[in-house]
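Asks: Have a look at this one before I ask anything.
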Amino acid sequence: MLKKIIALVGALVITVGSFNTVFCEVDISVKVNGEDVEFDQPPVIENGRTMIPFRAVLEEMGLSVDWDSDTKTVICTDGEKIAALTVGSDEMTVGDGGQEIFKIKGEGVCINGGSVSIDVPAKIVNGRTLVPIRIIAESFGADVIWNEESRTVEINMKMKEEVINESELEKACDELMQILTDIAESEVVLDEGIVDEFLSITDELYELQALWDEMEYTQENVDKVTEMVKEVKLRVIDIAREADININIDGTK
């Protein structure tokens with residue numbers, strides 16, 4: 001009888017312990033960059049982790065999302081990084097974006113990269129795949145905040161710093177400077193009309209400089225100013241030729 005009681009106690013401990021892994025649907029909202037995300041399956045909390053239907057949130061984060069039904073794997077990428085999370089797996093695999101993904105039947109997918117341990121695996125609830133959102137979002141550089149008062153998961157994507165290419169602008173400015181230098185060093189006597197045209201262009205360049213100082217530093221604005229400098233260069237070339245001034249264009253006179 002004692003052995004039976006001990007066995008019953010053991011079974012009870014296992015049963016009670018299993019209650020800790022039972023999930024419950026909760027009234028939780030999710031925001032991505034301040035925008036509410038809607039779901040047809042409510043988020044759940046399991047072992048203190050918020051599990052959220054993956055597609056709506058990840059797409060709102062700007063990720064490309066795919067679902068491999070053969071391996072029951074969520075695959076998402078931002079072009080630079082790729083991550084795969086298989087239902088029931090305690091690891092999320094990550095690697096460089098754009099690489100080939102290999103399916104392994106019964107195990108998920110293989111990515112040539114590393115892996116991140118997760119304490120609550122992805123699961124399927126009411127036909128929807130729920131994932132532990134924090135670990136995925138943070139893997140793609142997002143800040144994840146839990147607002148207890150409003151019971152809201154706030155996901156904020158970090159803005160990527162834009163790499164600005166000024167090479168074309170520098171080239172256009174250098175070419176214009178060379179042409180203006182040739183004109184200044186020329187011994188040709190300019191008539192009053194030509195001088196007035198050059199003075200007008202000088203005023204335009206001052207205005208362009210003032211405009212540049214006020215512009216937001218973006219690639220679009222750099223390209224816009226580059227085209228404006230090129231237009232000024234063409235006008236200066238036309239005026240110089242009209243005045244029979246020998247100028248250096250693309251390294252030749």
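Asks: Test ASP238 against the stated conditions and say whether it is more than 15 Å from MET177 (Cβ to Cβ) and modelled with pLDDT of 85 or more.
Replies: Values: more than 15 Å from MET177 (Cβ to Cβ): yes; modelled with pLDDT of 85 or more: yes.
Against the criterion (more than 15 Å from MET177 (Cβ to Cβ) and modelled with pLDDT of 85 or more), ASP238 qualifies.
Asks: With the requirement that a residue be closer than 30 Å to GLU216 by Cβ, among the β-branched types (Val, Ile, Thr) and touching a residue at least 24 places away in the same chain (Cβ under 8 Å), what does segment 120-162 give you? Break it down into steps so the answer makes sense when it comes.
Replies: Applying the first criterion (closer than 30 Å to GLU216 by Cβ) to segment 120-162 yields 137-138, 140-145, 154-162.
Remaining after also requiring among the β-branched types (Val, Ile, Thr): 144-145, 155.
Passing the criteria: only ILE155.
Asks: Moving to a separate point now. Which of the residues spanning segment 72-95 are crowded, with 21+ Cβ neighbours inside 10 Å and in contact (Cβ under 8 Å) with a residue 24 or more places away in the chain? Please lay out each step first, then the result.
Replies: Filtering segment 72-95 for residues crowded, with 21+ Cβ neighbours inside 10 Å gives 73-77, 82-86, 92-93.
Selection gives THR73, VAL74, ILE75, CYS76, ILE82, ALA83, ALA84, LEU85, THR86, MET92.
Asks: If you check SER186 against the conditions, is it over 28 Å from ILE247 (Cβ atoms) and touching a residue at least 60 places away in the same chain (Cβ under 8 Å)?
Replies: On the way: over 28 Å from ILE247 (Cβ atoms): no; touching a residue at least 60 places away in the same chain (Cβ under 8 Å): yes.
When the stated conditions are applied, SER186 does not pass them.
Asks: Looking only at segment 207-227, filter to residues that are at pLDDT below 90 and under 25 Å from ASP182 (Cα atoms); which one of those is surrounded by the most Cβ atoms within 10 Å (Cβ to Cβ)?
Replies: Only one residue fits best here, namely LEU208.
Asks: Which of the numbered conditions does ILE245 fail, given that it passes all the others? Conditions: (1) in a helix (DSSP H, G or I); (2) surrounded by 14 or more Cβ atoms within 10 Å (Cβ to Cβ).
Replies: Going through (1) in a helix (DSSP H, G or I); (2) surrounded by 14 or more Cβ atoms within 10 Å (Cβ to Cβ) one by one, ILE245 breaks only (1).
Asks: Which one of these does ILE155 not meet: (1) within 30 Å of PRO42 (Cα to Cα); (2) modelled with pLDDT of 85 or more; (3) loosely packed, with under 13 Cβ neighbours inside 10 Å; (4) not acidic (Asp, Glu)?
Replies: Looking at each condition in turn, ILE155 falls short on (3).
Asks: Continuing with the same structure: Please state which one of GLU216, GLU168, GLU187, GLU138 is more than 27 Å from the chain's Cα centre (by Cα) and at negative phi.
Replies: Working: GLU216 fails: more than 27 Å from the chain's Cα centre (by Cα); GLU168 fails: more than 27 Å from the chain's Cα centre (by Cα); GLU138 fails: more than 27 Å from the chain's Cα centre (by Cα).
The unique qualifying residue is GLU187.
Asks: Here is a follow-up. Name every residue in segment 40-92 that is among the polar types (S, T, N, Q), touching a helix residue (DSSP H, G or I) at 6+ places or on another chain (Cβ under 9 Å) and closer than 20 Å to TRP146 by Cα, in order of residue number.
Replies: The initial filter retains those residues of segment 40-92 that are among the polar types (S, T, N, Q), namely 41, 47, 50, 64, 69, 71, 73, 77, 86, 89.
Still in the running and touching a helix residue (DSSP H, G or I) at 6+ places or on another chain (Cβ under 9 Å): 47, 50, 64.
Hits for segment 40-92 are ASN47, THR50.
The values are calculated or read from the model by the stated rules, or taken from the named source; none is laboratory data. This structure is a prediction, so every number in the text was calculated from the model and none was measured. Please note: Cβ atoms are built from the backbone with ideal geometry, for glycine as well, and neighbour counts cover all protein chains shown.
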